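Chemist: Can you read through this structure? Questions will come right after.
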C-alpha cells in the first residue's frame with residue numbers, strides 16, 4: 001500500500017477532530033453512541049469536505065491552477081467550503097451551482113456572499129452541463145483552472161476519509177459501526193475503504209440523503225481510490241452498506257430527520273442540519289430501534305458539519 005503521507009496535501013483542518021460519547025443519546029437508544037466532531041475541523045462552519053479539499057486543492061496547486069471550479073446544489077456545504085479553502089491559498093473559487101433548493105441569500109449563500117465568492121446558477125439537472133460551462137468560462141478567462149466534482153467525490157478526494165479512519169484508529173477507541181451521511185458518495189467511499197485497511201472489524205453504513213445510485217457510485221470511487229493507494233483488494237458492491245433516508249427528496253426536510261435534529265439538540269446541545277446529518281442520524285436512530293445494535297456495541301456517528309443548511313431549509 002502506498003503511504004497516505006506521500007500524497008500532496010495542504011493542511012486546512014485542525015486535526016485530529018475530537019471523539020466523545022453521547023451519554024444521553026446512548027441511554028435513550030440502548031447502545032453506546034459516539035460522535036466524531038468534524039464540525040470542529042476549523043474552517044468556516046466545519047464539515048467533512050475540508051478533509052477532501054486538503055488533497056484536491058493540493059493537486060490544483062501542483063497543476064498550476066489559478067481558478068478552482070466546483071458545483072452542487074444551491075446550499076452545497078462542499079461549494080461553500082471549497083470557496084473558503086481556495087481563497088485561503090490564493091486560488092479564485094467560482095461556484096456553478098444547480099438552481100435547486102434555496103437560492104436566496106440564506107445559509108451557505110450568505111456565507112459565500114460574505115467571502116465575495118463568484119456564484120452562478122444553472123437551471124439544469126445535469127452535472128455534465130455544468131462541467132461544460134466550467135470549461136467555457138475557464139477558456140474565456142484564459143487562466144489555468146481546476147474542476148472539482150460535486151461533493152469533492154472522486155478517488156483523490158475520498159483519500160481524506162481514508163485518512164480520517166486512520167485518525168479514528170489512532171485515537172484508541174474501538175468501534176463496531178461507523179455511520180455517515182451519503183450525498184455524493186465520496187465520504188462513504190473513503191470511510192468504507194479506510195475501515196477495510198485500518199479497522200477491518202468495523203461495519204460502515206452510508207445514509208443516503210439523495211436518490212443517486214450509490215450502490216454503484218460508492219464502490220466505484222472505492223475501487224479508484226484503492227488504485228491510487230496501490231491496494232490489491234476486491235470491492236464487492238453488495239458488501240458496501242447503504243440505507244435510504246432521503247425521505248421526500250434531496251434538500252427537503254424529512255419527519256425522521258427533524259425528529260433526530262430535535263433529539264440531538266435537546267439531549268446533547270448539538271445542532272444537526274436537515275439536509276445531511278439530521279437525516280443520517282435519523283437513520284442511526286431507526287437502526288437502533290430495529291435492534292441492529294447490541295447494548296455493548298460502540299457506534300460512531302460522523303458529524304460532518306452542514307450548519308449553514310439549518311438556517312436555509314424550511315423544517
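Read the figures in this text as sums done on the coordinates, not as results from a lab. Since the model is a prediction, treat every value here as computed from it, not as a measurement. Cβ coordinates were reconstructed from backbone atoms using ideal geometry, including for glycine residues, and neighbour counts include every protein chain displayed.
Chemist: Compare the peptides 242-252, 295-305 by average per-residue count of other Cβ atoms within 10 angstrom and give them in order, highest first.
Modeler: 295-305, 242-252
Chemist: Let me ask something else about it. Residue 11 versus residue 201, label points 7 Å from Cα toward the beta carbon: distance in nm?
Modeler: 3.2 nm
Chemist: Right, next: So what are the three principal axis dimensions of segment 65-121 from its Cα atoms, in whole Å, longest to shortest?
Modeler: That works out to 29, 18, 15 Å along the principal axes.
Chemist: Ranking request for peptides 162-170, 61-69: highest mean number of other beta-carbon atoms within 10 Å first, then the rest in descending order.
Modeler: In descending order of packing, they fall as 162-170, 61-69.
Chemist: Also: Which whole-number percent is the relative contact order of the chain (Cα, under 8 Å, 6+ apart)?
Modeler: 22 percent
Chemist: Based on other C-beta atoms within 10 Å, arrange 227, 147 from fewest to most.
Modeler: Numbers: 227 12, 147 17.
Ascending number of Cβ neighbours within 10 Å: 227, 147.
Chemist: Tell me, what are the semi-axes, in whole angstrom and largest first, of the equivalent ellipsoid of the chain as set by the roots of 5 times the Cα gyration tensor eigenvalues? Kindly include the intermediate steps, with their values, before the conclusion.
Modeler: Numbers: eigenvalues 176, 104, 59 Å².
In descending order, the three semi-axes are 30, 23, 17 Å.
Chemist: Pop the C-beta distance of residue 128 and residue 230 into the FRET formula with R0 = 25 Å and round what comes out to the nearest 0.05.
Modeler: 0.25
Chemist: What percent of all Cα-Cα pairs in segment 185-233 falls in each 10 Å bin, counting up from 0?
Modeler: Calculated over all Cα pairs of segment 185-233, the distribution is 27, 55, 17, 1 percent.
Chemist: Which semi-axis lengths, in whole Å and largest first, follow from the square roots of five times the eigenvalues of the Cα gyration tensor of segment 1-69?
Modeler: Each semi-axis is √(5λ); the values are 33, 14, 9 Å.
Chemist: What nm distance separates the two modelled labels at residue 88 and residue 171, each placed 7 Å from Cα along Cα→Cβ?
Modeler: With each label placed 7 Å out from Cα toward Cβ, I get 1.9 nm.
Chemist: If we sort 8-21, 94-107 on the protection proxy, mean other Cβ atoms within 10 Å, highest first, what's the order?
Modeler: By packing density, highest mean first, the sequence is 94-107, 8-21.
Chemist: When the helix-only estimate is applied to the chain (DSSP H runs of n ≥ 4, each -39,500 (n - 2.57), divided by the residue count), what is the mean residue ellipticity at 222 nm, nearest 500 deg cm²/dmol?
Modeler: So the calculated ellipticity at 222 nm is -13000 deg cm²/dmol.
Chemist: Another question about this same structure. Starting from the Cα-Cα distance between residue 265 and residue 144, subtract it from 0.36 nm times their residue separation and give me the gain in nm to one decimal.
Modeler: This chain segment gains 39.1 nm when fully extended.
Chemist: In percent, how large is the relative contact order of segment 7-51, given Cα pairs closer than 8 Å and 6 or more residues apart?
Modeler: Relative CO of segment 7-51 lands at 38 percent.
Chemist: Further question on the same structure: So which residue, out of 81, 29, 284, gets the largest mean-square fluctuation from a GNM of the chain using Cα contacts under 10 Å as springs?
Modeler: 29
Chemist: Along the Cα-to-Cβ line of residue 120, 7 Å from the Cα, sits a label point; which residues in segment 143-172 have backbone N less than 17 Å from it?
Modeler: Counting backbone N atoms under 17 Å from the label point, the list is 143-150.
Chemist: Please identify, among 75, 171, 109, the residue showing maximal mean-square fluctuation in a Gaussian network model of the chain using a 10 angstrom Cα cutoff.
Modeler: Looking only at 75, 171, 109, the biggest GNM fluctuation is shown by 171.
Chemist: Most mobile of 42, 157, 172 per a Gaussian network model of the chain (Cα springs, under 10 Å)?
Modeler: Judging by the Gaussian network model, the answer is 172.
Chemist: Roughly speaking, what is the centre-to-centre gap between segment 123-197 and segment 1-76 when only Cα atoms are used, to the nearest Å?
Modeler: 10 Å
Chemist: Let me have the relative contact order for segment 45-202, percent, based on Cα pairs under 8 Å that are six or more residues apart. Mind showing how you got there, number by number?
Modeler: Numbers: 247 pairs, mean separation 41.7, N = 158.
It rounds to 26 percent for segment 45-202.
Chemist: Can I ask one more? Using the reciprocal of the averaged 1/r over all distinct C-alpha pairs, how large is the Kirkwood radius of segment 49-152 in Å?
Modeler: 13.4 Å
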